[in-house]
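Just so you know, all these numbers are worked out from the coordinates, no wet-lab data involved. These numbers come from a predicted model, not from an experiment. So basically every Cβ, Gly included, is an ideal-geometry build from the backbone, and we count neighbours across all protein chains shown.
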Amino acid sequence: MKRLLSGIKPTGELTLGNYLGAIKQFVDMQKDYESFIFVANLHAITVYNDKEELLKRTRDLVAIYLACGLDAENTTIFLQSENNYHTNLGWVLECNAYVGELNRMTQFKDKSKNKSENAITCGLYTYPTLMAADIILYDADVVPVGIDQKQHVELTRNIAERFNKRYGQTFKIPEPIISEITQKIYDLQNPTKKMSKTEENPKGCITLLENPAAAAKKIMGAVTDSDNKIKYDPENKPGISNLITIYSALTNVPIKDVENKFKDSNYGTFKKAVAEVVSQFLTDLQAKYQEIINSGKVDEVLDKGIKKAREIAQAKVKEVYEKVGLSR
Ligand code: AMP
Ligand code: TRP
């Protein structure tokens, strides 16, 4: 069975974008792959995070993974910080990556824009090399992510290929898997921008643990256009296309069929239908989340997951250290 690996940072509130762009793919694909899904908490501290908040979000993320349908019987769920082999390999990869490559990472450029050099951590800069380690440590075949992470997976491929050339075949070269329609869910108020947990305008972003009625209101208030036709056309109708994407992904109805179903509806009727689907989705998810977070399930799953993750990672780091000359 091929291997799948992905992770999410426990920073900010998880959004509908995280669910549709990433978590839903993990859930849909888990039966066809040997899956490893982790909490990227080492990545969270590339920017300062309050300790208590980080701890809470870490547990929440695991509970949300489970509430969204990840099956801990078949999927290995673990905390990155509990497996030291990630940082061991991360360092070796950092020494096989170039400043020129990291300088080209658009996420780093965006996140450090308009900031003084004394406000940007070295971790934020080198984080893609740790992400590369996260992936190739497990010989992952596929890495489902949103489009914003594609460049990091491409960098991972380059570093892995370089290492294999220098030291002999060691790592699998991973493929990014990007869902065609949900690769980027847009801000409801500014539908050319990514829906993001750090977005300043909370009306544009739906978070997974927010009040479902409030979320429905945000859908009703989403920015659209004046054409009043339910048609998927991301270029000319970004707002409506974003709502069609959300409806289609949450109901598993293809976009063409959504267009057809609402071909005689106006925007008000369509928005109401989307709002209902979103609020129902959040209501169901939150009920499951509450049940999980109040049980001992999170620790149980993490205890089991870390054992398997460490076992695989230990063997890989041993091999790498031997090849590089870091053993006796
Ligand atoms: P992050 O929250 O940056 O750790 O992202 C976790 C995962 O969610 C990554 O695979 C992102 O690409 C994905 N993601 C985040 N926001 C969105 C969005 N608005 N649309 C689609 N995917 C997203
Ligand atoms: N960098 C990813 C993000 O910000 C999270 C992440 C860290 C990740 N390591 C990973 C995703 C490995 C996939 C595979 O969203």
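Below is a table of values for the structure above.
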quantity	calculated
Karplus-derived HN-Hα couplings along the stretch 171-182 (A = 6.51, B = -1.76, C = 1.60, θ = phi - 60°), whole Hz, x at Gly and Pro	10, 6, 9, x, 10, x, 10, 10, 5, 4, 8, 9
Using a Förster distance of 41 Å, the FRET efficiency for Cys95-Lys304 (Cβ separation, nearest 0.05)	0.80
Cleavage-rule hits (GluC sites (Glu not before Pro)) in the stretch 163-201: DSSP loop, at most 16 neighbouring Cβ within 10 angstrom	Glu180, Glu200
All lysines inside 18 Å of Lys51 as judged from Cα atoms, apart from same-chain residues fewer than 8 positions distant	Lys9
Lys pairs, the stretch 245-328 - Cα-Cα below 24 angstrom, 8 or more residues apart or on other chains	17
Segment Lys318-Asn260, extension gain: residue separation times 0.36 nm, minus the distance between their alpha carbons	15.2 nm
Potential lengthening between Arg166 and Val223 on full extension [0.36 nm per residue; Cα-Cα distance subtracted]	15.3 nm
Farthest toward positive dipole pole in the chain [+1 Lys/Arg, -1 Asp/Glu at C-beta], among Thr58, Val143, Gly69	Val143
Crossing angle, helix 238-251 versus the chain [Cα axis fit, 0-90 degrees, rounded to tens]	80 degrees
Convex hull projection area averaged over all views, the chain, Cα basis, nm²	17.8 nm²
The stretch 33-143: C-alpha gyration tensor shape, a/c 1.5 cut-off, then a/b vs b/c	oblate
Computed helical MRE - 222 nm, the chain, DSSP H runs ≥ 4 contributing -39500 (n - 2.57), nearest 500	-16000 deg cm²/dmol
Using alpha carbons only: equivalent-ellipsoid semi-axes of the stretch 202-290, gyration tensor based, whole Å	23, 14, 11
Length-normalised contact order for the stretch 202-290 - Cα pairs under 8 Å, 6+ apart - percent	38 percent
Where labels lie 7 Å past Cα in the beta-carbon direction, separation of Ser112 and Glu13 in nm	3.1 nm
Whole-Hz ³J(HN,Hα) from phi, Karplus 6.51 cos²θ - 1.76 cosθ + 1.60, for the stretch 35-48, glycine and proline x	9, 10, 10, 10, 9, 7, 6, 5, 6, 5, 8, 5, 10, 5
Förster-model FRET efficiency, 45 Å R0, Glu180 and Arg328, C-beta, rounded to 0.05	0.35
Candidates per trypsin sites (Lys or Arg not before Pro) in the stretch 14-88, loop by DSSP, up to 12 other Cβ within 10 Å	Lys31
Long-range HN-HN contacts of Glu175 with modeled amide H, under 5 Å	Val142, Val143
Mean separation of Cα contacts under 8 Å, 6 or more apart, over the residue count of the stretch 1-140: relative contact order %	31 percent
0 to 90° range, to nearest 10: angle between helix 122-136 axis and the chain longest Cα axis	80 degrees
In sequence order, calculated HN-Hα J values of the stretch 144-153 (Karplus, 6.51, -1.76, 1.60; Hz; x Gly/Pro)	x, 8, x, 4, 5, 9, 4, 4, 5, 6
Euclidean distance of C-alpha centroids, the stretch 181-248 and the stretch 74-119, integer Å	30 Å
